[in-house]
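The values are calculated or read from the model by the stated rules, or taken from the named source; none is laboratory data. Because the structure is a prediction, the values reported are computed rather than measured. Glycine gets a Cβ as well: all are built from the backbone with ideal geometry, and neighbour counts include every protein chain shown. When the accessible area is computed, the model is the full protein with side chains, heavy atoms only, and any ligands, DNA or RNA have been set aside. Shrake-Rupley method; radii C 1.70, N 1.55, O 1.52, S 1.80 Å.
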Amino acid sequence: MATLPIVNAIAKYWWVLFIRGLLALLFGIMAVAWPGPTLMTLVLLYGAYTLVDGITALWVGGTSRAWPLVLAGVIGIIIGIYTFLFLGITSIALLYLIAVWALIRGIFEIVTAIQLRKEISNEWMLIIGGIISIIFGLVLFASPLTGALAMILIIGCYAIVFGGVMIVLAFRLRGLPNRLERSRSARG
């Protein structure tokens with residue numbers, strides 16, 4: 001059985017998941033540790049995170065022809081650039097932007113996990129990351145008037161959990177290229 005392009009990309013670039021997870025974790029810790037900064041600071045941090053996340057997803061997806069990652073990357077880049085262009089965005093508008101991004105990311109992470117299920121065990125970690133993203137997006141849609149401080153704390157907690165899941169998954173995938181090569185050699 002041929003390995004799907006997305007499996008090859010994720011296996012080869014496992015370290016990109018690690019970096020994504022580490023960035024999410026650092027972003028989350030900063031958001032929780034310093035909830036008092038202005039919304040403008042949050043907008044800048046979120047814009048930087050989304051832009052870097054979108055660039056990495058676009059790069060990995062583009063090098064492997066994994067079109068769900070390419071699409072997620074393009075969307076992330078657009079949202080990141082939009083965030084920088086409109087720094088005066090209100091907390092509710094930012095909340096909806098984050099909610100949409102989390103829903104889209106969550107869906108693509110679940111799709112990716114389903115594609116990985118035949119190649120690795122514990123693909124459920126990526127499914128959990130996707131479910132967490134979707135739940136986070138839905139919670140933000142359900143209560144948009146919770147206030148900037150609550151939003152910062154929710155975003156921080158989400159980023160910490162999501163980042164932790166991505167770091168664990170990255171280390172889990174780290175040996176996958178060798179296992180895939182040994183499997184190909186055994187079949188060949």
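Some notes on this structure:
- One residue from Leu17, Leu44, Leu23 being within 13 Å of Ala159 (Cβ to Cβ) and either part of a helix (DSSP H, G or I) or in contact with a strand residue (DSSP E or B) (Cβ under 8 Å, 6 or more places away or on another chain) (or both): Leu23
- Scan of the range 50-73 for residues that are free of Cβ contacts under 8 Å to residues at least 12 places away in the same chain and touching an Asp or Glu at 6+ places or on another chain (Cβ under 9 Å), ordered by number: none
- Picking from residues in the range 34-66 that are modelled with pLDDT of 85 or more and more than 15 Å from the chain's Cα centre (by Cα), the one that is farthest from Tyr82 (Cα to Cα) is Thr63.
- Residue tally, condition of a type in the set (S, T, N, Q) and not in a loop (DSSP other than H, G, I, E, B), over the range 110-135: 3
- Flag: Thr63 does not match the condition of being of a type in the set (Ser, Thr, Tyr) and surrounded by 22 or more Cβ atoms within 10 Å (Cβ to Cβ).
- Just one residue in the set Leu149, Leu138 is over 22 Å from Val60 (Cα atoms), part of a helix (DSSP H, G or I) and in contact with a Pro (Cβ under 6 Å, 6 or more places away or on another chain); that residue is Leu149.
- For beta carbons closer than 8 Å, sequence separation of 6+ or different chains, a first residue in the range 74-96 that is modelled with pLDDT of 80 or more and a second that is in a loop (DSSP other than H, G, I, E, B), the qualifying pairs are Thr83/Ile89; Tyr96/Pro144.
- Pairs, first without any contact (Cβ under 8 Å) to a residue 40 or more places away in the chain and open to solvent by 60 Å² or more (accessible area, probe 1.4 Å) in the range 109-130, second not in a helix (DSSP H, G or I) and not β-branched (Val, Ile, Thr), C-beta under 7 Å, six or more apart: Arg117/Glu123
- Taken together, Ala102, Ala93 contain a single residue that is out of contact with any strand residue (DSSP E or B) (no Cβ under 7 Å at 6 or more places or on another chain), over 22 Å from Arg172 (Cα atoms) and buried (at least 18 other Cβ atoms within 10 Å of the Cβ), which is Ala102.
- Matching residues in the range 25-60 - criterion: being surrounded by 15 or more Cβ atoms within 10 Å (Cβ to Cβ) and of a type in the set (Phe, Trp, Tyr): Phe27, Tyr46, Tyr49, Trp59
- Residue check, Leu180 open to solvent by less than 60 Å² (accessible area, probe 1.4 Å), farther than 17 Å from Arg20 by Cβ and either of a type in the set (Lys, Arg) or touching an Asp or Glu at 6+ places or on another chain (Cβ under 8 Å) (or both): yes
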